Amino acid sequence: QLQLVESGGGLIQAGGSVRLSCAASGRTENTYAMGWFRQAPGKAREFVATISASGGYTAYGNSVKGRFTISRGSAKNTAYLQMNSLNTEDTGVYYCAAGLLPNEGVSQYDYWGPGTQVTVSS
């Protein structure tokens, strides 16, 4: 089993920036594609960004394109999400996920972290 844990969330003012981190532990012999999702209260989990195992492919949700950047760390199955120009609609719990291929579907990821809260104040 692969365990993921997110960090870096908190209370941020609108227009500000924050970087989320995702660290892996457990069975890390495989290199997985990584994804970031978010969920606001009362809403479905939403795709934010994904990156391939090699780091050569990335994709973003329409609402975050041009503002957020996903990257991989030097440690296996580590990922980051740099979030700029934040607005109140970015508020939610942000989840890191790992799967075989990069994609936008929640069901395509095998491993999930517990999430980290990001709250953007106006």
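Some points to look at:
- Exposure of Leu11 as accessible area (Å², to 10), given a probe of 1.4 Å and all protein chains: 130 Å²
- Dipole moment magnitude, nearest 20 debye, the chain about Cα centre, only Lys, Arg, Asp, Glu C-beta charged: 120 debye
- Region 58-66 - phi-based ³J(HN,Hα) in whole Hz, Karplus 6.51/-1.76/1.60, Gly and Pro as x: 9, 8, 9, x, 4, 6, 10, 4, x
- Value of Rg to Rh for region 15-61, rounded to two decimals, is 1.03; Kirkwood radius and Rg both from alpha-carbon coordinates.
- Accessible area per residue was computed with a 1.4 Å probe on protein heavy atoms; Leu100 scores about 130 Å².
- Note, ³J(HN,Hα) from phi for region 86-100, Karplus 6.51, -1.76, 1.60, rounded to Hz, x at Gly and Pro: 5, 10, 4, 6, 7, 5, x, 8, 9, 10, 9, 9, 10, x, 6
- Residues in region 54-81 reached by a label modelled at Ala40 [backbone nitrogen below 11 Å; 7 Å Cα→Cβ]: none
- Signed unit charges on C-beta, dipole axis of the chain, positive-most listed residue Ser54, Leu100, Ser25: Ser54
- 23 Å tail of the calculated P(r), the chain, as % of Cα pairs: 22 percent
- Carbon + sulfur, % of accessible area of region 38-122 - ligands and nucleic acids excluded, 1.4 Å: 48 percent
The values are calculated or read from the model by the stated rules, or taken from the named source; none is laboratory data. In this text, all values refer to a predicted model and were calculated from it rather than measured experimentally. Every residue, glycine as well, gets a Cβ built from its backbone with ideal geometry; the counts of neighbours run over all protein chains shown. Note: areas computed on protein heavy atoms with side chains; ligands, DNA, RNA excluded. Shrake-Rupley method; radii C 1.70, N 1.55, O 1.52, S 1.80 Å.
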